[in-house]
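The values are calculated or read from the model by the stated rules, or taken from the named source; none is laboratory data. These numbers come from a predicted model, not from an experiment. Methodologically, a virtual Cβ is constructed for each residue, glycine included, from the backbone with ideal geometry; neighbour enumeration extends over all protein chains shown. For accessibility, only protein heavy atoms count, side chains too; no ligands or nucleic acids. Shrake-Rupley method; radii C 1.70, N 1.55, O 1.52, S 1.80 Å.
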Amino acid sequence: MILVTGGAGYIGGVTVELLRARGEGVVILDNLLRGHREAVPADVPLFEGNVGDRELIRRIAREHQIAECIHFAAFAYVGESVAEPARYFENNVQQGIALLGGLIEAGVRRVVFSSSCAVYGEPRHIPISEEHPTQPMSPYGWSKLFMERVLENYDSAYGLRYVALRYFNAAGATGLLGDHHDPETHLIPNVVSAALGWLPAVSVSGNDYATPDGTAIRDYIHVADLGAAHLAALDHLRAGGKSEPINLGNRLGYSVLEVIETARRVTQRPIAIKFEQRRPGDPSRLVADAGKAHALLGWKPAYADLTSIIQTDWEWRMKHPRGYASE
Ligand SMILES: NC(=O)c1ccc[n+]([C@@H]2O[C@H](COP(=O)([O-])OP(=O)(O)OC[C@H]3O[C@@H](n4cnc5c(N)ncnc54)[C@H](O)[C@@H]3O)[C@@H](O)[C@H]2O)c1
């Protein structure tokens, strides 16, 4: 059985959907602080609790013969982490370490970890490969890098093998599951909500970056492509592959204004813009070199362009006007 922490969240939920479609046995642990019970299929066991609750980890491992873990559970807002670093280190690092301790005690030796492009900081070159220096600009990024170091040391000392997937910007939806957070800090859900008239305007954080139009450039990757990469990472570990950090992105950078323009085309609706200050902790440009994921995992994104990614979010949001509360 696979323990999926954060499986009631956005990327975790979609990965659970794909794991089940492949016939894998899954158990979810999520405290539902930022996830949704409605995103969890009725026949998947859901433990509502914290990943830092070691006694609970022992119990789940015992009751469900956990052999592997995909660890999504974390707080994931860069700006919030700058304002409240203690929350991020306590939740993502302190609780993450307790989880790994419980897993090792239970004999689990394969972990797929949700890391982030936030580990790189302001890039020295584009696209960013895994060899790029890591110098996070936010406590969030540090919390992910710190967990990668813990995993590296636990591999050497305890034989815990892992893949740390460094996602760039997750976006889009499957037929069933989409990006729904409150508050929502992700760009594409906000752009689509503005197109639907649910937001008066999209906030654009910073138009004075050193980019052609002054807005920040990101690499958007479809959530189903991210999910598929977790299955491939698991297969890599099952086949005896070694521990690795691996980037997941499309190698395509779009500025905030380009995303809004694409969404106007997809939705055929007007989208108003409100310029605001830069968010602390945000680099100007993040674009992935995902060559290692292609070569090592045989992973190839199915949604390689921004239009189709936005289209899936648009379709999901129209069907779920109140997010998961619509279920
Ligand atoms: N969304 C992105 O673009 C992106 C990019 C890079 C990395 N990531 C990482 O991917 C992972 C999933 O991101 P997401 O966008 O699906 O976020 P999400 O908030 O939708 O999902 C995270 C889930 O973890 C749960 N959770 C958080 N802390 C917990 C704890 N201590 N114990 C138990 N449950 C806990 C939340 O309730 C939520 O359901 C995170 O680790 C995030 O840092 C996300």
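So the values come out like this:
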item	result
Alpha carbon centroid spacing (whole Å) that separates the range 258-278 from the range 294-327	18 Å
Listed residues ALA83, ALA216, ALA61, most fluctuating in the chain (Gaussian network, C-alpha, under 10 Å)	ALA83
Charge context of TYR254, other residues only, Cβ under 11 angstrom, K/R +1, D/E -1	-3
Förster radius 41 Å - calculated FRET efficiency between ILE97 and GLU184, Cβ distance, rounded to 0.05	0.90
Extension gain (nm, one decimal) between HIS294 and LEU176, 0.36 nm per residue minus Cα-Cα	39.8 nm
Virtual spin-label span in nm between ALA157 and ARG20, 7 Å along Cα→Cβ	3.8 nm
Added length on full extension, which subtracts the Cα-Cα distance from 0.36 nm per residue, ARG149 to ALA302	52.0 nm
Loop-located chymotrypsin sites (Phe, Trp or Tyr not before Pro) in the range 178-220, at most 16 other Cβ atoms within 10 Å (DSSP)	TRP198
Euclidean distance of C-alpha centroids, the range 183-239 and the range 14-56, integer Å	23 Å
Peptides ranked, highest mean first, by Cβ atoms within 10 Å: ranges 292-305, 237-250	237-250, 292-305
Relative contact order %, the chain, counting alpha carbon pairs below 8 Å whose residues are six or more apart	20 percent
Dipole of the range 256-319, positive direction: furthest Cα of GLN277, GLN311, GLY298, with charges on the beta-carbon	GLN277
Sequence-distant residues sharing a close amide H with PHE75 (under 5 Å, placed H)	ASN92
Cα-only radius of gyration and Dmax that characterise the chain, units Å	18.8, 56
Rounded if a/c under 1.5, otherwise prolate or oblate - the range 265-327, Cα gyration tensor axes	oblate
Alpha carbon Rg of the range 47-92, scaled by the compact-globule rule 2.2 N^0.38 Å	1.42
Reachable lysines, given that their alpha-carbon falls under 16 Å from the alpha-carbon of LYS292 and they are not under 8 places away in the same chain	LYS242, LYS300
Table column - 3J(HN,Hα) (Hz), the range 274-287, Karplus curve with 6.51, -1.76, 1.60, x for Gly and Pro	10, 7, 10, 5, 4, 8, x, x, 9, x, 6, 8, 9, 9
The range 1-73: mean projected area of Cα convex hull, nm²	4.2 nm²
Size of electric dipole in the chain: Cβ of Lys, Arg +1 and of Asp, Glu -1, about Cα centre, debye, nearest 20	260 debye
Charge-dipole axis of the range 1-117 as Lys and Arg at +1 and Asp and Glu at -1 on Cβ define it, positive-most pick from ASN91, ALA106, PRO45	ALA106
Residue-span extension gain [ARG278 to ALA201] - 0.36 nm each, minus C-alpha spacing	26.0 nm
Accessible surface, the range 202-327, averaged per residue in Å² (probe 1.4 Å)	43 Å²
